[in-house]
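What follows draws every value from the coordinates through simple rules; no lab data is involved. In this text, all values refer to a predicted model and were calculated from it rather than measured experimentally. As a convention, Cβ positions derive from the backbone with ideal geometry for all residues, glycine included, and neighbour counts pool all protein chains shown.
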Amino acid sequence: MGVWFLARSAWRALFRRREPSQVDWDRELREDLATYGPAPALTGDRLLTVYHVPVRVRLVVVAPAGKEEEPQTADLGPLVDRVLPGLGAVVAQDQPHIRIWPPQLSHHGFAAAFFRRTLLPEAAGQPSHWVLVAGRAMVGRKPVLLALALWAEEANTLGRIELEPHQWLDVLRLKKREE
């Protein structure tokens, strides 16, 4: 009887079903846009637009592509200027939150992770003041992964936009601000 009990206990220890782990892997990189304050008053003469909708930059996420070296926050102005000339001044003016993510293996995976980890206050499919833009950009010959959470004065249905390197200049534009 004792041998049977020991064999049964060993069998259960080896082959029992374990509960799935409830580790929240995204917790460190999650951003809740409902907690973000408004952008400071406009002081510059240029305004950023997405598909001609005026927006303010509230979050910038940068990650190296593959095994590239991690960008530094001090390098952010020149880096975003290489993606869209003049964007560095807009970022400095809007004073957004800046996050440097660890290296990402896939630019599509980066965009999907940014969209998943950036929580919007509105339900999916509803008009929102927030526009999320993410994708791969080229800085010279080096790829970099860039994501922006942008605030529009009026609610819109632009939602989430994934960009390839050649699309940044078509989707994001700088225009003269009208007083």
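Some points to look at:
- Prolate/oblate/rounded label for segment 31-179 (Cα gyration tensor, a/c 1.5): oblate
- Overall form of segment 54-137 per C-alpha gyration tensor (a/c, 1.5; a/b vs b/c): oblate
- Computed from backbone phi, the HN-Hα couplings of segment 99-109 come to 10, 10, 8, x, x, 10, 7, 10, 6, 5, x Hz, rounded to whole numbers (Karplus: 6.51 cos²θ - 1.76 cosθ + 1.60, θ = phi - 60°; Gly and Pro given as x).
- Ranked by how many other beta carbons lie within 10 Å on average, peptides 27-39, 103-115 from highest: 103-115, 27-39
- Packing, as the average of other Cβ atoms within 10 Å across residues, places the peptides 55-66, 86-97, 122-133 in the order 55-66, 86-97, 122-133, highest first.
- Applying 1/(1 + (r/R0)^6) with r as the Cβ-Cβ distance of A41 and S9 and R0 = 45 angstrom yields a FRET efficiency of 0.05.
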